[in-house]
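J.: Mind looking over this structure? Questions follow.
The values are calculated or read from the model by the stated rules, or taken from the named source; none is laboratory data. Here the structure is a predicted model, which is why all the values come from computation and not from measurement. All Cβ positions, glycine included, derive from the backbone under ideal geometry; neighbour counts span all protein chains shown. Surface areas here come from the heavy atoms of the whole protein model, side chains and all, with no ligands, DNA or RNA. Shrake-Rupley method; radii C 1.70, N 1.55, O 1.52, S 1.80 Å.
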There are 2 protein chains.
Amino acid sequence: MAQACWGCYPWLVLICACAWGHPKSLNQREDVRNCSTITAVNTTAQLTALREQMLTQNLSAYIIPDTDAHMSEYIGECDQRRAWITGFIGSAGIAVVTERKAALWTDSRYWTQAERQMDCNWELHKEVSTGHIVTWLLTEIPVGGRVGFDPFLFSIDSWESYDVALQDADRELVSITVNLVDLVWGSERPPLPNAPIYALQEAFAGSTWQEKVSNIRSQMQKHHERPTAVLLSALDETAWLFNLRSSDIPYNPFFYSYTLLTDSSIRLFANKSRFSSETLQYLNSSCNSSMCVQLEDYSQIRDSIQAYTSGDVKIWIGTRYTSYGLYEVIPKEKLVEDDYSPVMITKAVKNSREQALLKASHVRDAVAVIRYLAWLEKNVPTGTVDEFSGAKRVEEFRGEEEFFSGPSFETISASGLNAALAHYSPTKELHRKLSSDEMYLLDSGGQYWDGTTDITRTVHWGTPSAFQKEAYTRVLIGNIDLSRLVFPAATSGRVVEAFARKALWDVGLNYGHGTGHGIGNFLCVHEWPVGFQYGNIPMAEGMFTSIEPGYYQDGEFGIRLEDVALVVEAKTKYPGTYLTFEVVSLVPYDRKLIDVSLLSPEQLQYLNRYYQAIREKVGPELQRRGLLEELSWLQRHTEPLSARAAPTTSLGSLMTVSALAILGWSV
Amino acid sequence: MAQACWGCYPWLVLICACAWGHPKSLNQREDVRNCSTITAVNTTAQLTALREQMLTQNLSAYIIPDTDAHMSEYIGECDQRRAWITGFIGSAGIAVVTERKAALWTDSRYWTQAERQMDCNWELHKEVSTGHIVTWLLTEIPVGGRVGFDPFLFSIDSWESYDVALQDADRELVSITVNLVDLVWGSERPPLPNAPIYALQEAFAGSTWQEKVSNIRSQMQKHHERPTAVLLSALDETAWLFNLRSSDIPYNPFFYSYTLLTDSSIRLFANKSRFSSETLQYLNSSCNSSMCVQLEDYSQIRDSIQAYTSGDVKIWIGTRYTSYGLYEVIPKEKLVEDDYSPVMITKAVKNSREQALLKASHVRDAVAVIRYLAWLEKNVPTGTVDEFSGAKRVEEFRGEEEFFSGPSFETISASGLNAALAHYSPTKELHRKLSSDEMYLLDSGGQYWDGTTDITRTVHWGTPSAFQKEAYTRVLIGNIDLSRLVFPAATSGRVVEAFARKALWDVGLNYGHGTGHGIGNFLCVHEWPVGFQYGNIPMAEGMFTSIEPGYYQDGEFGIRLEDVALVVEAKTKYPGTYLTFEVVSLVPYDRKLIDVSLLSPEQLQYLNRYYQAIREKVGPELQRRGLLEELSWLQRHTEPLSARAAPTTSLGSLMTVSALAILGWSV
């Protein structure tokens, strides 16, 4: 799945929200709304109540971001404060309320939706950045004015950028630990989730939590600043460390939690009542020694951190996702700051068990996707499938797979021009019929107990245009060229991602999103800090990343070909530590859309080897399950491609391959 | 020329000094020296005198860096303070003197040289970073100790890193504007250069200085922070702005200067006595209006800046290379900070006149290099050429070219294993004979009134090994693949430089330096901020950059193939703003070292087109000059290459090309 914000955490939303482009209304006055089309709820009452709360705190303005206290990519219902106060339910947007005005900033994906959903209490602003918000604030609030915010909903970086800008202009940014929206929301606010927190079965864990704790402690000892504790703020950090899961966050099997892992204690902050006695026993929670997990209440984290810092301690944090609410209570000299905690870095490299688990989940996921593609091939021509029913259908197929626990993100099932929209998802009410005359893009994934999956295929059941074939083939070449790249160990993804773009660049095409992201074992579908973006850590053996070039023709069609790949050691002619990728997604591309004449002999050979791997890995599973129709579909769609298959077939193409072989090309 | 530090300015030296590798003695205790081999001058007297100066300032330590007040890459003799105080004359190294100790930090290129040149007053430290220096300082000076430094020799960044680290450890970093080494050096210190400062002939200037001043002022007006002045600290900024040159710095036609360009005045700080009456007239210096240049004394810059900041002003600076000595006198709220000044950014994009000038200089430079290569081909087999005499010879050939004004850097003329050493240069005493049994690397360039050149060729006059041919060809493929890359406008060099490495990576080879740097019109040979490194600005039409992949086999040979290329618009099949490179260096590669069988049809075609361009552009010049032997050499060396030329020649190769043509490959 291409990331909305190209970051697992929303801290990157602002940077890249416009990357996809088409901000067609930029020339219009950006804050003028047409209120005549409003279909929204009335927000007058909650705004009045919020302003009363602001008054008691002597605030001129209050900022309401769209994240939770863990800088999560997806947030639970109880954290949808910005949606509740504005009426706009899109996933990205920042609201600011002053004494007299209320304003929302969101990116081009959501302009129409925000226009429709917000009543005329709200201004809509279309250029999203701290700079734009602060500029607006300066015109709205007086010198000396106080701007309130909930420090748990601000990353350290976003706090700093607001703070500096407001201070420079003689306004004050005021941290208020009680969330004012929550006070107004009151009993209507959805309760905090309360489902059981459970331990993964042993078979699905790469290591025991005790092994992981020991590993992290040993990293603490080796660190030159000698931290005495690691603070885990991201929900997947705690889930990973203890091999615990729950279902607090949509698409993510996490639970609200923090961990303070010290050199002598393990303190897990969560709702204690959610642990069964078995889980408590599993956590060794009845004792007090350094390998016993002490459960403390989730709400106690800030006070506990503050108390801990009174000692001769140093707390190691990942500054990219620790909230300012925790950061501000730790004295600077007691902080060990890295972009990512050692848990985040360790989790990024999967051990051999975790690799095997993730690979196994991808085989079953391929079965589900292949069943869906085969089903579409039969049913689309009958005119009975639409984007929404299709999305449901692929979820049903996944649901029949072992260890399935739900989709890993909202399925992007997009036909024709809808596939050119970033992050389009059909709804029961709004969707398009699938047709043999249009291309169809499916970007979907599953959460399985053994792994998280994410795959995109684009297909056409009729006769694609020459341009569609060319664009598709160039996207495919990008996928292939990056997948088979050999590169030195510790290369940053950022410096190699252009290999996925070159074939498009060659003819003046490109795509406006990132090229890939890390992925977890029954964890985040966008798992930082692995990937091809600025801010990702260097590639290392054992990491998994998606590889997902695309091409989008506004108003016509969209193409994306996404696979998940494991970083593996490359065998090179001369000795050295080199890496390459092993693709673990196992679904064939659409041969109807491949112009074989554009592929080099090396690319063609790579593709045929990949198809062979699909046959070898997925074929037996289909056979075992008696899915013979799908097996036959798979055989047909993974027939080796040859230059002969190109429309420009000629004796020449055969000659080429053999001639190249004679020449000793490394085809 | 591959950059020592991969930065025109030394601020990057520390980051990348170790990139080339082979720090073989890392396991030895790093500060223990063998003083028995010393061949150096005695530094006892100057150290004693320096310590007396330190005493008067109540300093526990004094830091002596290796730069000048303009963060220049090359520095004048009067700025060689670190060399004078230590005895070590290598170009990179930082010295620190305490009451009882004296220590030098330098990178692996200089360990042997520093060992030889420094007496036993000095410790040698081999891990160069602010962190290592501060760690050492903390063991040597007491809490509360004062560490002195000359603020003009510190970039803002380096000041900040020392300041934070020392403050955290309760030591004080103390800015002392009088340089203590200069006080000790006294009358022995070489005088400041005094050669005339002259205006470029009109024919060699891309625009008049008045046009440039107007352009920069218009950028000031458009900037959202509304700066009232731009401060130019880098020597090439002032040289470029006024089209003025002199010879204060080796290899760089600059003069010690600063400029404060305000909205209503032009203040040039330099030694007034160096301007002739014609130049004064050229600068319109007898008046006071906004288009008259007011000359002020070089030494007045700090006071003048300070005086200027008393008004309602804002000064725009390039923070990467402005010295802390100027930065510290500007109140923060009066600063407009960017990495590079608008002069640096504007200078990076050459206008059509500047492009034509730079191209013309490269044609003449090619004549000189071709003469040298043809001369070597005749003379090396006779055993009469060595690295040093070769370097002299190529300089002589350049000296015969019109508008030549000296080499643009110290020639790297390296035979056999010497070419594997980073930045090896032969001396009269120490050099190797050129031989038909070894590869030879020449990295050299010229300063011409119309342009600065920089080119590297690697040749073999006998029978290269298969590995040498393979490595050479893969380096060549890297050069070709990056040179012919089509990429979107505003792409950062950092994300495309891997195309120059891929052919090497494929077999487990690589190189440890950057892939290219900007270059000027009779200015810096390493002109920031253009290039392929972190910190370079995005590529734009009109920029010039070197493209210089290499391969180095320790103890055996070194290969580098470097060309200068202009960024030009690419014509793509589909509309879009795309760029590519036009190579302006015009010297053929060594066909003896090219394994044609490794080249793709596209690469081969590109190479033959390049050879055609060399013939068309340099051929007539050789003809006109009556250099017929060289012309014949050029014809021989630019004969079109075909797959037939490969050792694995077969009918197949011919078939390949035609078959590919049939297939419609874009060969």
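J.: For B:Ile305, only one of the following conditions fails: (1) assigned to a helix (DSSP H, G or I); (2) open to solvent by 10 Å² or more (accessible area, probe 1.4 Å). What is its number?
T.: (2)
J.: Restricting the first residue to the stretch A:400-414 and requiring it to be closer than 17 Å to A:His362 by Cβ, which pairs with a second residue that is aromatic (Phe, Trp, Tyr) meet a Cβ separation below 6 Å and a spacing of at least six or different chains?
T.: A:Phe403/A:Tyr448; A:Phe403/A:Trp449; A:Phe404/A:Tyr448; A:Ser408/A:Tyr251; A:Phe409/A:Tyr251
J.: From the list B:Gly514, B:Gly478, which one is touching a strand residue (DSSP E or B) at 6+ places or on another chain (Cβ under 8 Å) and either within 14 Å of chain A (Cβ to nearest Cβ) or assigned to a loop (DSSP other than H, G, I, E, B) (or both)?
T.: Criteria check complete, one pass: B:Gly514.
J.: Just name the residue that is farthest from B:Ser60 (Cα to Cα) out of those in the stretch B:94-107 that are crowded, with 20+ Cβ neighbours inside 10 Å and not β-branched (Val, Ile, Thr).
T.: This residue is B:Asp107.
J.: Name the pairs whose Cβ atoms lie under 8 Å apart, with the first residue in the stretch B:290-313 and in contact (Cβ under 8 Å) with a residue 24 or more places away in the chain and farther than 11 Å from B:Leu268 by Cα, the second outside any helix (DSSP H, G or I) and open to solvent by 50 Å² or more (accessible area, probe 1.4 Å), and 6 or more positions between them or separate chains?
T.: B:Ser290/B:Asp263; B:Ser290/B:Ser264; B:Met291/B:Asn284; B:Arg302/B:Thr177
J.: Return the residue satisfying two criteria in turn: it lies in the stretch B:197-226 and is part of a helix (DSSP H, G or I) and among the polar types (S, T, N, Q), and of such residues it is most open to solvent (accessible area, probe 1.4 Å).
T.: It comes out as B:Gln221.
J.: Check the stretch B:155-167 and report whether any residue there is touching a strand residue (DSSP E or B) at 6+ places or on another chain (Cβ under 8 Å), under 27 Å from B:Asp339 (Cβ atoms) and hydroxyl-bearing (Ser, Thr, Tyr).
T.: Yes: the stretch B:155-167 contains one or more residues that are touching a strand residue (DSSP E or B) at 6+ places or on another chain (Cβ under 8 Å), under 27 Å from B:Asp339 (Cβ atoms) and hydroxyl-bearing (Ser, Thr, Tyr).
J.: Scan the stretch A:571-591 residue by residue and report those that are within 14 Å of chain B (Cβ to nearest Cβ) and open to solvent by 10 Å² or more (accessible area, probe 1.4 Å).
T.: Once the filter is applied, which keeps residues that are within 14 Å of chain B (Cβ to nearest Cβ) and open to solvent by 10 Å² or more (accessible area, probe 1.4 Å), the stretch A:571-591 yields A:Lys571, A:Thr572, A:Lys573, A:Tyr574, A:Pro575, A:Gly576, A:Thr577, A:Tyr578, A:Thr580, A:Phe581.
Rundown of residues vs (1) buried (at least 21 other Cβ atoms within 10 Å of the Cβ); (2) assigned to a helix (DSSP H, G or I); (3) of a type in the set (Lys, Arg), yes/no style:
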residue	(1), (2), (3)
A:Leu280	no, yes, no
A:Asn288	no, no, no
A:Trp316	yes, no, no
A:Glu337	no, no, no
A:Ile345	no, yes, no
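J.: Can you tell me which of B:Val394, B:Val380, B:Val363 is more than 18 Å from B:Asp443 (Cβ to Cβ) and assigned to a helix (DSSP H, G or I)?
T.: Criteria check complete, one pass: B:Val363.
J.: I'd like to know if the stretch B:636-643 contains one or more residues that are aliphatic (A, V, I, L, M), modelled with pLDDT under 95 and in contact with a helix residue (DSSP H, G or I) (Cβ under 9 Å, 6 or more places away or on another chain).
T.: Checked against the condition, which is being aliphatic (A, V, I, L, M), modelled with pLDDT under 95 and in contact with a helix residue (DSSP H, G or I) (Cβ under 9 Å, 6 or more places away or on another chain), the stretch B:636-643 yields at least one hit.
J.: A further question on this structure: Can you find a residue that is within 22 Å of the chain's Cα centre (by Cα), in contact (Cβ under 8 Å) with a residue 40 or more places away in the chain and farther than 24 Å from A:Ala540 by Cα anywhere in the stretch A:340-360?
T.: So far as the stretch A:340-360 goes, no, none of its residues is within 22 Å of the chain's Cα centre (by Cα), in contact (Cβ under 8 Å) with a residue 40 or more places away in the chain and farther than 24 Å from A:Ala540 by Cα.
J.: Would you check which residues across the stretch A:481-500 are open to solvent by 10 Å² or more (accessible area, probe 1.4 Å) and touching a strand residue (DSSP E or B) at 6+ places or on another chain (Cβ under 8 Å) and list them?
T.: Hits for the stretch A:481-500 are A:Arg484, A:Val486, A:Pro488, A:Ala489, A:Thr491.
J.: Another question about this same structure. If a residue must be open to solvent by less than 20 Å² (accessible area, probe 1.4 Å), under 17 Å from B:Trp105 (Cβ atoms) and among the aliphatic types (A, V, I, L, M), how many such residues does the stretch B:127-158 contain?
T.: 6
J.: Follow-up question, since we're still on this one. Could you say which residue among B:Leu260, B:Leu241, B:Leu295, B:Leu268 is touching a helix residue (DSSP H, G or I) at 6+ places or on another chain (Cβ under 6 Å), open to solvent by less than 10 Å² (accessible area, probe 1.4 Å) and not in a loop (DSSP other than H, G, I, E, B)? Steps first, please.
T.: Values: B:Leu260 fails: touching a helix residue (DSSP H, G or I) at 6+ places or on another chain (Cβ under 6 Å); B:Leu295 fails: open to solvent by less than 10 Å² (accessible area, probe 1.4 Å); B:Leu268 fails: touching a helix residue (DSSP H, G or I) at 6+ places or on another chain (Cβ under 6 Å).
None of the others qualify; the one that does is B:Leu241.
J.: Could you tell me which of the residues B:Ala471, B:Ala466 is within 14 Å of chain A (Cβ to nearest Cβ), over 19 Å from B:Val530 (Cα atoms) and crowded, with 24+ Cβ neighbours inside 10 Å?
T.: B:Ala471
J.: If you go through the stretch B:626-645, how many residues are in contact (Cβ under 8 Å) with a residue 24 or more places away in the chain and surrounded by 15 or more Cβ atoms within 10 Å (Cβ to Cβ)?
T.: 9
J.: Within the stretch B:108-126, how many residues are open to solvent by 10 Å² or more (accessible area, probe 1.4 Å) and closer than 21 Å to B:Asp554 by Cβ?
T.: Here the count works out to 8.
J.: Say we look at the stretch B:350-363 and pick out the residues that are touching a strand residue (DSSP E or B) at 6+ places or on another chain (Cβ under 9 Å) and closer than 22 Å to B:Arg217 by Cβ; which of these is surrounded by the fewest Cβ atoms within 10 Å (Cβ to Cβ)?
T.: Per the criteria, the residue is B:Glu354.
J.: If you don't mind, there's one more thing I want to ask. Which one is farthest from the other protein chains (Cβ to nearest Cβ) among residues in the stretch B:481-496 that are within 17 Å of B:Gln603 (Cα to Cα) and part of a helix (DSSP H, G or I)?
T.: Across the stretch B:481-496, the extreme among qualifying residues is B:Ser483.
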